[in-house]
Structures are given as C-alpha cells and as structure tokens.
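The values are calculated or read from the model by the stated rules, or taken from the named source; none is laboratory data. Being a predicted model, the structure only gives us computed values, none of them experimental. Here the Cβ positions follow ideal geometry from the backbone for every residue, glycine too, while neighbour counts run over all protein chains shown. Accessible surface is based on the protein model in full, side chains and every heavy atom, while ligands, DNA and RNA are left aside. Shrake-Rupley method; radii C 1.70, N 1.55, O 1.52, S 1.80 Å.
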Amino acid sequence: LHQVACSLADQALSVGGMFMVNVALARTESKEEYGMFALSYSVFTFLAGLHNAAILEPYTVYGSGRYRLHSSAYFRSMAWSNVGVGLLLTGVLISLYVLLERFAPGMASRSLLGLAITVSILLWGVFQRRVFYVQRQAGLAAKTSLVFFVAVVCGLRLATKAHVLNSFSAFLVIALGWVAAGACFARKLPFGKSPEAFLQMEPGYWRLHWKYMRWVLATAFVFQLMNQGYYWLVAALVSVREVAELKAMVLLIAPADQVFIALNYLVLPLLAAHSATGKMEDMLSTW
C-alpha cells in the first residue's frame with residue numbers, strides 16, 4: 001500500500017506540475033498562444049511515448065530482471081543512451097525550427113523553440129523517476145516529483161509577476177523544475193563505483209534490446225500518433241483556438257490515465273523480476 005500511495009503521489013505531483021503550467025497559460029495568454037503551447041507539448045508527448053518504448057520499457061524489464069545483478073553498469077549504459085537520444089531530439093527540433101522560420105514563419109512558434117531547447121532535460125526527468133521504480137523505491141520518485149512541483153509553482157509565480165510567462169518561458173519553467181528535482185536526488189541514482197563497462201560484459205545487448213523494443217515501439221508509435229494527431233487535425237481543419245479548448249477538456253480526464261500509469265510503474269518491474277528468476281507462480285499472482 002505504501003508503494004502504491006507513493007506511485008500515485010508521484011503521478012499526481014508530476015502531472016500536477018504540468019496542470020499548473022496549463023492553467024497559468026490558459027488564464028494569462030490568448031487562446032492562440034495557449035493553443036500553440038498545446039501543439040508543441042503534443043509533440044513532446046508523442047516523442048516521450050516513443051522514448052518510453054525505445055529506452056524506458058526495455059530498461060524497466062531488463063534492469064529489474066535479466067541484468068539486476070549488474071544494475072550499476074546497466075544503468076550507466078542506459079543513462080548515456082538516454083542523454084544521446086535527448087541531444088539528438090534537441091538537434092532535430094532546433095533544425096526544424098530554423099527551417100520553419102525560414103520557409104514558413106507562421107509555423108515557427110516560440111513554444112517549439114522552447115521545446116527544442118528543453119526536450120533533453122524533460123526526458124531525463126522521466127528517466128530518473130523510472131530508475132527509482134526499477135530500484136523499487138517509489139518513494140524517491142514521489143519526492144523527485146514533489147521537488148519538481150514546488151519548483152514549477154515557484155517558477156510560474158515569478159514568471160507571472162515579472163510578466164514574462166508565455167509558451168516559450170513555460171518550457172523553461174518546466175525544465176528548471178526537473179533540473180532542481182534531479183539535482184536533489186542525483187546521488188540516489190545507482191552510478192556505482194565499478195569500472196566495468198556493460199557492453200563489454202554483454203556485447204550482444206543491443207540485438208536483444210531491439211528484439212524487445214521493436215514491437216513496443218511500433219505499438220507506441222501508432223498509439224501516440226492517433227492520440228496526439230487529434231490536436232494537429234483540429235489545428236489544420238478548425239483553428240489553433242479550438243486546440244486550446246480541446247486541451248483544456250483533456251486535462252479534466254487525465255487523472256484516470258495517471259492512476260493506471262502509477263500502478264503499471266509498480267507492477268512491470270515485479271513481473272520482470274519474477275520472470276527472470278523463474279518464479280512463474282509469483283509472476284502470475286502479481287499479474
């Protein structure tokens with residue numbers, strides 16, 4: 001029950017921080033400005049879904065199961081992979097912004113630039129919390145999200161008072177929240193002191209990773225494309241103002257999704273651990 005409570009608190013605080021950002025923007029900015037933020041954040045949600053399938057899901061399953069005895073070396077390898085993916089996405093989004101600014105200035109929104117600058121930090125925040133779940137320390141994930149939530153609320157208050165809150169600065173506030181949260185609990189990550197390199201111990205790992213990842217990635221791509229595609233269809237066929245209205249309605253039903261996600265974060269590592277140790281009865285009872 002304690003782990004479930006911590007996982008629910010983690011989801012409530014991490015999503016609550018984003019809820020506060022949405023409320024602040026919706027109340028202070030025009031519908032067009034808020035609509036552009038919603039579109040840019042839908043891009044991040046789409047990328048985060050693919051990132052979950054490509055990095056987080058394999059790390060959760062293998063980190064909790066097959067490679068639990070080499071957790072530090074495996075964590076370091078996946079942490080560098082996560083950083084690499086973040087930097088790659090930063091480069092792609094900045095290039096996209098530059099191209100849009102040159103050939104389609106109306107689509108080169110400052111919210112897209114804000115996402116491009118901060119995407120790697122946002123993905124690291126998600127990765128760090130998942131590491132704590134693999135370690136069976138949902139309390140640390142909840143504490144990380146608590147720091148994030150407090151930092152975001154403070155950042156929003158300062159930005160509002162200074163009259164600088166917009167779709168660009170909103171992404172900076174979110175990123176600073178994850179920087180503060182990450183700094184507070186970075187020492188809890190399993191860096192370890194062993195010099196062993198994971199890929200030297202498991203030279204064929206990426207083949208195994210791809211074998212698992214490809215199906216999850218394909219499913220995630222279709223799911224995210226369908227869900228986030230609605231925002232872009234509304235923007236193209238109706239208006240950006242209506243995107244703002246749609247986003248505001250979606251926020252009201254988001255808590256139901258977060259309950260399911262919170263339970264999944266607890267159950268998946270347990271299933272992987274029971275499977276790796278051959279405890280099929282425990283795995284089925286957990287399921």
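For a Förster distance of 41 Å, can you work out the FRET efficiency between the beta-carbons of R187 and S239, rounded to the nearest 0.05? It would help to have the intermediate numbers written out before the result.
On the way: r = 48 Å, r/R0 = 1.17.
Plugging the Cβ-Cβ distance into 1/(1 + (r/R0)^6) gives 0.30.
Plainly put, the stretch 12-81 has a radius of gyration that is 1.19 times its Kirkwood radius, both from alpha-carbon atoms, as the Rg/Rh ratio.
Where does the stretch 121-179 land on Rg(C-alpha)/(2.2 N^0.38 Å)?
Working: Rg = 13.0 Å, N = 59, 2.2 N^0.38 = 10.4 Å.
This ratio for the stretch 121-179 stands at 1.26.
Sequence-ordered 3J(HN,Hα) estimates for the stretch 112-121 from the Karplus curve with 6.51, -1.76 and 1.60 and θ = phi - 60° stand at 5, 5, x, 5, 4, 6, 10, 4, 5, 5 Hz, glycine and proline given as x.
Among the lysines in the chain, how many pairs, 8 or more places apart or on different chains, have alpha carbons under 27 Å apart?
Numbers: K31/K161; K31/K247; K143/K188; K143/K193; K161/K247; K211/K279.
Step by step, the pairs that qualify in the chain add up to 6.
A 1.4 Å probe run over the chain, with the rest of the protein chains in place, finds 52 Å² accessible per residue. In the chain, helical runs assigned H by DSSP with n ≥ 4 each contribute -39500 (n - 2.57); averaged across all residues and rounded to the nearest 500, the mean residue ellipticity at 222 nm is -29000 deg cm²/dmol. Backbone geometry of the stretch 217-232 corresponds, through the Karplus equation with coefficients 6.51, -1.76 and 1.60 at θ = phi - 60°, to 3J(HN,Hα) couplings of 5, 4, 5, 5, 4, 5, 4, 5, 4, 5, 6, 6, x, 4, 4, 6 Hz, x marking Gly and Pro. For the stretch 232-274, the Kirkwood radius over C-alpha pairs fed into Stokes-Einstein at 20 °C and 1.002 mPa s yields D = 168 µm² per second. Pair-distance distribution of the stretch 178-287: all C-alpha pairs, bin width 5 Å, starting at 0; shares per bin in whole percent are 2, 8, 8, 11, 16, 17, 15, 10, 7, 5, 2, 0. Charging the Cβ of each Asp and Glu at -1 and of each Lys and Arg at +1, and nothing else, the dipole of the chain about its Cα centre rounds to 600 debye.
The string of couplings for the stretch 36-49 from the Karplus curve (6.51, -1.76, 1.60, θ = phi - 60°) is 5, 5, 4, 5, 5, 5, 5, 5, 5, 4, 4, 5, 5, x Hz, one whole number per residue in order, with x for Gly and Pro.
Where Rh is the Kirkwood radius over the Cα pairs of the stretch 37-131, the temperature 37 °C and the viscosity 0.692 mPa s, what D in µm²/s does Stokes-Einstein return? Show your work: numbers first, answer last.
On the way: Rh = 14.3 Å.
Calculated translational D: 230 µm²/s.
Put simply, the C-alpha atoms of the chain give a gyration tensor, and the ellipsoid matching it has half-axes of 33, 21, 19 Å, longest first.
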